[in-house]
1. Work out how much length residue 170 to residue 202 would gain on full extension: take 0.36 nm times their residue separation and subtract the Cα-Cα distance, in nm to one decimal.
2. Lysines within cross-link reach of residue 49: Cα-Cα under 17 Å, excluding same-chain residues under 8 positions apart?
3. Could you give the distance between the Cα centres of the range 111-160 and the range 249-301, to the whole Å?
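All of the numbers you see were taken from the coordinates with simple rules; none came from a lab. These numbers were taken from a predicted model, which means no experiment stands behind them.
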Amino acid sequence: MMDQSGSDWHLMNSSHNASSTHIPSLSICPHEVPNSTYYLKQLLQLQEKTAMFSLFVVLCSLTCLIYVLEIVSILRNKMHIMRRIRMVMLLSLYPVYSSLALLAVVVPRAAPLLDLVANVYFAITLWHFLQLMLMYYGGEKKMIETFSSTAVSMQVPPVCCLFFCMRKFTLEKKQLHRMKLGAIQFLIFRPVLLVLSMILWVEDKYEYVDDITGQMRPFKSASTYIALVNMITTLLAMWPLIIIFRASLQRLSHFHIRGKFVVFQLVMICGSLQDAILTQVANFNFLDCTPYLPVKSRALEIHHLAIIAEMFVLSVAALGVYWRYIRENIPLDFHHPSNSESLSGEGDFDSPDSNGNDEVAVGYSSLENGYGVIRFR
């Protein structure tokens, strides 16, 4: 009886050892991020991973295709050159984020740097969004005149009602320039942080990994503090933009400013907040590694795959927000009720016609088959 039980135990133990030699244990995490060749080789060996990767490649391609159609349509419409530039830059945010995310999945070692490049591009588009809002008013002077008798509240996200001492104020030239400084500091700090991160990356000091356990120490890593500074500069840049947006909801409603701001803000949430959450999850080892990716790289992989899917959805939403297609064949002097106010500017954006209407283009639409009018907002 003892011999039988002993032999059974020995058989179970030997089978367990045999299986452990063929199936890699997920508890043994790699200490280094693999290069792109090794990573793709391991990825293509699994059919499920290959199918999933192909799906995200298709989504990224569709996002870029939507952007190409948007550019073609913008070039076919009568619009001032500066407004064209603003719209092209804002709509390029989605394919740029999606392409950089796909590249970060393929080259996992370069993922942190590609994220910083995406953050720098977001800072540029934030400046263009602020300038586009000023152009809708007709320039800074017209905007200040519009708010001359209106009190503007500073208790908006991300500050909200944390500081009750912040009272409403009348928008003047000095206050407007201070708000623009929030976007300017964003444009300055983001490239500086990118260069600093590249230097630390080359010197192998960007992340601190324990030599014994192989785990990353978040409080000893420069990446943690760079991410913190990134978050602070983002909040300081978004705060004045949200103040202007909240005050402009009624005045710029005919420009669909709410939808444009929502799709823009969702890019920041997906790119910054989602990345920060997954990074902290990885830093405190709440996420399992894979046989070929460490915990931090696994978190970045999940983040970038999510970014590709999210940018596709947001690009479709932006397509609907920035365009309004009118099927009927309407003459150029068509008077739209929402354009009853005069929006004459200071020469830096497309001015209305003699009837106070925005310029429209009658012609063939590349977004939808048919002859009609495309009105850009």
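1. Values: separation 32, 0.36 × 32 = 11.52 nm, distance 4.86 nm.
Length gained between residue 170 and residue 202: 6.7 nm.
2. Excluding near neighbours in sequence, the set is 41.
3. Here the two parts' Cα centres lie 20 Å apart.
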